[in-house]
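Structure, as structure tokens:
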Amino acid sequence: MLIDSHAHLDSPRYDEDRDTLLARAWQAGVRTVLSIGIGEGPDTMHRALELSREYAGKPETPRIYASAGVHPHEAQLCDAAALAKLDSLLQEREVIACGEIGLDYFYDHSPRDAQKTVFRQQMEIAATYKKPIIIHCRPSDNSTNAWDDTLELIETEWAAIGLGGILHCFTGEWSHAKRAMDCGFLISFAGNITFPKAQPIRDVAVRVPLDRMLVETDAPFLAPVPNRGKRNEPAWVAGVAEKLAEIRNLPVNEVASRTTENFYRFFSITPDMAH
């Protein structure tokens, strides 16, 4: 069994074949997908929840859980209505996390001060409903400043709450992973771990304890080798597990089972609930 802990199933790129895509995921052994509810912006962050409900109970289809949040790209669009919508969504039982939220200094689509403010506001709402957070962090070129700011905010405004979270699509250094794990976070690796120039990510992945690790696709982005450049999909999370097994010299079944157990334990989900 495998879990794709981060996929954008509501992407318009899946509108023509979402049913068959999910069937392929099931055939590949994927039994649960966390559909990330950022939509195309705050106005559509509810779509992940709608998909969770639409596919609930369908045979030979992974169980879909949802998150909800405002991506740092859209921080400048996060007004009172968006925060109220997030508040409402986090009250739904299928919405098990707040995210992806955080800081993106690479594209700077929203001013950095706005990103920090919205990050804090969303952590406050997540704490109210006892939902862990899913972190997006992307630094600017040749700088770790986004990591420093993200981890400082987590350490000062989130860690004491005790809910932890997930560092999604991890691309940082060991020191960043260690600081996050000290705050109760899991470290999630995506298809870019298979890329030829991703040795620094692989170096960290060897050191992260297996019981603190997740696998994801970030679909439709970051398809793993040999499908790099194609539209990614949850079935290909197997490629991430295979690369982790290779670099850690472990059977792929062990990586699959342990990352699955980590997800269920972190979110207090039983396999029966998931399937």
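Taken together, the values in this text are just the output of simple stated rules run on the coordinates, not laboratory data. These figures come from a predicted structure and were not determined experimentally. With ideal geometry, Cβ positions are generated from the backbone for all residues, glycine too; neighbour counts draw on all protein chains shown.
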What tally of residues in the stretch 244-261 results from selecting those that are in a helix (DSSP H, G or I) and either of a type in the set (A, V, I, L, M, F, W, C) or buried (at least 23 other Cβ atoms within 10 Å of the Cβ) (or both)? 8
Restricting to the stretch 190-210, and then to whatever is out of contact with any His (no Cβ under 8 Å at 6 or more places or on another chain) and among the small types (Gly, Ala, Ser), can you tell me which residue is nearest to VAL33 (Cα to Cα)? GLY191
Note: among PHE195, PHE221, just one is surrounded by fewer than 18 Cβ atoms within 10 Å (Cβ to Cβ) and under 16 Å from the mean Cα position of the chain (by Cα), namely PHE221
Picking from THR61, THR117, which residue would you name as being closer than 25 Å to PRO139 by Cβ, over 18 Å from the mean Cα position of the chain (by Cα) and of a type in the set (Val, Ile, Thr)? THR117
Counting only residues in the stretch 150-185 that are assigned to a loop (DSSP other than H, G, I, E, B) and of a type in the set (Phe, Trp, Tyr), the one farthest from ILE135 (Cα to Cα) is identified as TRP158
Quick check on the stretch 9-27: of everything there that is crowded, with 23+ Cβ neighbours inside 10 Å and touching a residue at least 60 places away in the same chain (Cβ under 8 Å), which residue is farthest from ALA256 (Cα to Cα)? LEU9
Any idea how many residues of the stretch 101-127 are assigned to a helix (DSSP H, G or I) and either surrounded by 24 or more Cβ atoms within 10 Å (Cβ to Cβ) or free of Cβ contacts under 8 Å to residues at least 40 places away in the same chain (or both)? 13
State which residue pairs qualify: first residue under 15 Å from GLU100 (Cβ atoms) and free of Cβ contacts under 8 Å to residues at least 12 places away in the same chain and inside the stretch 165-189, second residue surrounded by fewer than 20 Cβ atoms within 10 Å (Cβ to Cβ) and of a type in the set (Gly, Ala, Ser) in any location, beta carbons under 8 Å apart, and separation of 6 or more residues or different chains. none
Looking at the stretch 128-156, I want the residues that are under 14 Å from TYR107 (Cα atoms) and touching a residue at least 40 places away in the same chain (Cβ under 8 Å) and have a partner that is acidic (Asp, Glu) and surrounded by 17 or more Cβ atoms within 10 Å (Cβ to Cβ) with Cβ atoms under 8 Å, at least 6 apart or on another chain. Which pairs are those? HIS136/GLU100; HIS136/ASP104; ALA146/ASP104
For the stretch 186-225, what are the residues that are part of a loop (DSSP other than H, G, I, E, B) and among the small types (Gly, Ala, Ser)? ALA190, ALA198, ALA223
Suppose we filter the stretch 134-149 for residues that are buried (at least 22 other Cβ atoms within 10 Å of the Cβ) and not in a helix (DSSP H, G or I); how many remain? 4
Any hit, the stretch 61-76, residues being surrounded by fewer than 21 Cβ atoms within 10 Å (Cβ to Cβ) and closer than 23 Å to THR150 by Cβ: yes
Sort out which residues of the stretch 28-51 are surrounded by fewer than 24 Cβ atoms within 10 Å (Cβ to Cβ) and within 18 Å of THR270 (Cα to Cα), and write them in order of number. GLY29, ARG31
